[in-house]
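Below is one structure, written out as structure tokens, with a few remarks after it.
Every number in this text was worked out from the coordinates using simple rules, so none of it is lab data. Because the structure is predicted, anything quoted here is derived from the model rather than measured. No Cβ is skipped: glycine too gets one built from the backbone with ideal geometry, and neighbour counts run over all protein chains shown.
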Amino acid sequence: MLRIRFKLAILAEVNKMAEGRCMKCKKNVEIKSPEDVVMKNGMKAIKGLCGVCGTKVFRIVGKAK
Ligand SMILES: [Zn+2]
């Protein structure tokens with residue numbers, strides 16, 4: 001049972017790592033210092049910096065509840 005809980009903890013950690021498409025690198029990159037934001041239209045997004053070049057990266061996650 002302990003083992004399963006450990007696995008879940010790892011999964012949660014992975015989900016926290018945000019990935020987004022960097023316009024400069026033209027590929028998916030890790031978002032550095034990701035921040036949850038809710039846009040005016042009620043959509044949830046993550047904004048942060050590209051882990052490769054430092055450009056601002058923005059990723060829409062879905063509808064905010
Ligand atoms: Zn980049």
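Scanning the stretch 51-65 for residues that are outside any strand (DSSP E or B), within 12 Å of the ligand (Cβ to nearest atom) and surrounded by fewer than 17 Cβ atoms within 10 Å (Cβ to Cβ) turns up VAL52, CYS53, GLY54, THR55.
Among the residues of the stretch 33-50, how many are more than 10 Å from the ligand (Cβ to nearest atom), in a strand (DSSP E or B) and farther than 15 Å from VAL61 by Cβ?
The total comes to 1.
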